[in-house]
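One structure below.
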Amino acid sequence: MSWWSRLTGGGTAHTPRPQRLDYLSEALALERQGDYDAALTSYRLALRDQPNDQRILQNMAIAYSRTGRLDDAIRCYRRALEIDPQLSGAHYGLAYLLLKRGDGQGAERHLTAFLEHPPSTAEAERWVQHARQTIEQIRSGTGPDSSPE
C-alpha cells in the first residue's frame, strides 16, 4: 500500500495490525537499568498476556525482593510452584525469603526440593553448595547466610 493510500485512509483491508509489545523483554531491560517499579509494571502486563508463565513470575519475585516487597515476592514464587512444583529457582528463592522471615522449616523444605532437581548449568554447583550449607546451618541451629554472594 502506498503512503498516499495510508494517508487518505484507503486500503483498509491491507492496514497492518498493531503489534503487541514484548513486555517481558521490556521488564528485563528496565531491571538492568535498576528501575524495578517500572519493571514490575511491565511484568504485570506480561503476566496478563501469559498468566501461567513461571519465568515471568520468578522475575517478578526477584524484582519484588529487590524493592523490599517480600510478601509479594513470596506470592509470586508460590504461584510459580503451583504451575511447576519442580521449579528449582522458585524453591531456592522462596527458601531464602522464608529464612528472612524466620521460617527455617519452610526454608529447609524448599532447599531440599531445590536439591532434588537442581539446575543443570555450569554455575549451578555454587548454588547447590550454598543450599547444602544452609540446610546444615538450619539443622545445627547456627544462622544461615541469606545468599551465596
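Among the numbered conditions (1) modelled with pLDDT of 95 or more; (2) within 16 Å of the chain's Cα centre (by Cα), the only one that LEU24 does not meet is (1). Within the option set GLN105, GLN33, being under 20 Å from HIS130 (Cα atoms), of a type in the set (S, T, N, Q) and modelled with pLDDT of 95 or more holds for one residue only, GLN105. For TYR64, the criteria (1) in a helix (DSSP H, G or I); (2) over 11 Å from the mean Cα position of the chain (by Cα) hold in every case but one, which is (2).
Applying the set (1) modelled with pLDDT under 95; (2) over 30 Å from GLU116 (Cβ atoms) to ARG44 leaves exactly one unmet item: (1). Among the residues of the range 70-101, those that are under 21 Å from TYR23 (Cα atoms) and not aliphatic (A, V, I, L, M) comprise ASP72, ARG75, CYS76, TYR77, ARG79.
Only a single criterion out of (1) surrounded by fewer than 13 Cβ atoms within 10 Å (Cβ to Cβ); (2) modelled with pLDDT under 95; (3) assigned to a loop (DSSP other than H, G, I, E, B) is not satisfied by GLY10, namely (1).
For TYR92, state whether it is of a type in the set (Ser, Thr, Tyr), in contact with a Pro (Cβ under 9 Å, 6 or more places away or on another chain) and modelled with pLDDT of 95 or more. Let's see the steps before the verdict.
Working: of a type in the set (Ser, Thr, Tyr): yes; in contact with a Pro (Cβ under 9 Å, 6 or more places away or on another chain): yes; modelled with pLDDT of 95 or more: yes.
Judged against the criteria, TYR92 is a match.
The values are calculated or read from the model by the stated rules, or taken from the named source; none is laboratory data. Owing to the predicted nature of the structure, the values given are computational and were not obtained by experimental measurement. Because the Cβ atoms are built from the backbone with ideal geometry, glycine has one as well, and the counts that use them run over all protein chains shown.
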